[in-house]
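Let me begin by presenting the structure, written as structure tokens, before commenting on it.
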Amino acid sequence: MPIVQNSSYKAPFWLYSNHIETLFPALLRKPKPLDYKRHRINTSDNDFLDLDFVINSNDRIVILSHGLEGNSHRYYMRGMAHKFINQNWDVISRGYKKIILIGFSLGGSLVVKYLGEKGQFVPSEILAGVAFSIPCQLGSCANKLSDPDNKFYLNRFLNKLKAKIKLKAEQFPDIFDLEGIDEINGFYNFDTTYSAPLYGFKSVDEFYHYASAGNYIEGIKVPTLLVNSLNDPMFPDDCYPYKEAKNHKYFYLETPEKGGHLGYWWPGQKESWAEKRAYQFVSVVIGQIKYF
């Protein structure tokens with residue numbers, strides 16, 4: 001039952017390519033800026049988390065998680081924030097009676113992994129999760145990004161990640177070795193050299209297995225919607241967990257034929273389909289409407 005049949009998302013005929021669907025909103029969509037209030041949380045390992053708040057004195061909140069190399073000002077973050085703010089939700093904070101988790105791409109992986117890993121121990125205030133375009137299996141996604149058609153996305157990610165590693169090397173020269181960094185041309189090599197050892201994993205495969213959200217779906221105990229487009233240019237077949245969803249009580253999988261990676265918008269739309277779909281799902285969960 002939790003496999004959503006016949007997705008309501010329909011793209012216009014001129015969005016004929018998954019790359020166009022992916023890049024169109026990223027390049028052209030400009031939601032209104034938000035008046036964020038930033039709060040920094042210092043962590044026990046001498047690091048920090050920056051949280052951007054929109055507070056309207058409501059008793060319910062939606063927490064949004066952006067994708068790899070994203071931030072709270074990305075088009076999909078501001079668009080989703082506007083959707084829920086206009087329906088009397090605050091956006092990220094503490095002390096709320098109702099909490100919804102929504103994530104995009106790698107941020108969506110965090111939502112699914114957290115809910116599955118915590119299972120029945122998720123705080124009772126968290127009512128639902130929604131995730132769009134998430135890499136369910138990081139290892140196979142790393143290989144998929146090395147396809148020639150995905151060179152643009154791969155280079156964009158790697159260039160930003162390499163720049164951050166170089167900055168960290170200035171702060172921690174004993175931890176970060178920059179030898180050969182400019183020759184790294186794929187995620188597998190990058191994660192082998194930096195991500196896996198930095199977080200204490202014996203191998204990159206061990207890191208991928210631990211961090212892949214698809215491995216935690218079985219443990220989810222609150223209503224959770226995953227939307228992954230079938231034509232996402234970055235995803236191989238194992239990013240569509242039909243088997244896990246088929247008899248799951250809480251996990252809903254929706255796989256529109258089109259949409260690319262975080263697409264679902266074109267000029268002339270005030271809201272993206274993803275924003276409407278997320279709010280519709282949440283409204284069912286909290287009892288405002290009866291059907292998806």
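Restricting Asp52, Asp35, Asp59 to those that are more than 20 Å from Leu110 (Cα to Cα) and surrounded by 11 or more Cβ atoms within 10 Å (Cβ to Cβ) reduces the list to Asp59.
When you check Gly70 against the structure, is it touching a residue at least 24 places away in the same chain (Cβ under 8 Å) and not in a loop (DSSP other than H, G, I, E, B), yes or no? Answer is no for this residue.
Filter the stretch 24-49 down to residues that are under 16 Å from Ser133 (Cα atoms) and without any contact (Cβ under 8 Å) to a residue 24 or more places away in the chain, then give me how many there are. Give the derivation first.
Applying the first criterion (under 16 Å from Ser133 (Cα atoms)) to the stretch 24-49 yields 24-26.
Within this subset, residues satisfying the condition of being without any contact (Cβ under 8 Å) to a residue 24 or more places away in the chain are none.
Result for the stretch 24-49: 0.
Within this structure, Arg94 fails the test of being crowded, with 18+ Cβ neighbours inside 10 Å and in the same structural domain as Met234 (by TED's automatic domain parsing). The number of residues in the stretch 200-235 that are in contact (Cβ under 8 Å) with a residue 24 or more places away in the chain, under 21 Å from Leu145 (Cα atoms) and acidic (Asp, Glu) comes to 2.
What number of residues in the stretch 81-120 are under 18 Å from the mean Cα position of the chain (by Cα) and in a strand (DSSP E or B)? Number of matching residues: 7. Against the test of being outside any helix (DSSP H, G or I) and within 14 Å of the chain's Cα centre (by Cα), the options Leu64, Leu49 yield a single qualifying residue, Leu64. Within the stretch 121-149, the residues that satisfy the criterion of being touching a Ser or Thr at 6+ places or on another chain (Cβ under 8 Å) and assigned to a loop (DSSP other than H, G, I, E, B) are Ser133, Ile134, Pro135, Cys136, Gln137. Here Asn18, Asn46, Asn86 are screened, and the one residue that is surrounded by fewer than 17 Cβ atoms within 10 Å (Cβ to Cβ) and on the phi < 0 side of the Ramachandran plot is Asn86.
One residue is enough: does the stretch 119-138 have a residue meeting the conditions over 19 Å from Pro2 (Cβ atoms), among the hydrophobic types (A, V, I, L, M, F, W, C) and buried (at least 18 other Cβ atoms within 10 Å of the Cβ)? Yes, the conditions are met somewhere in the stretch 119-138.
The values are calculated or read from the model by the stated rules, or taken from the named source; none is laboratory data. This one's a predicted model, so the numbers in the text were calculated from it and none came from an experiment. Methodologically, a virtual Cβ is constructed for each residue, glycine included, from the backbone with ideal geometry; neighbour enumeration extends over all protein chains shown.
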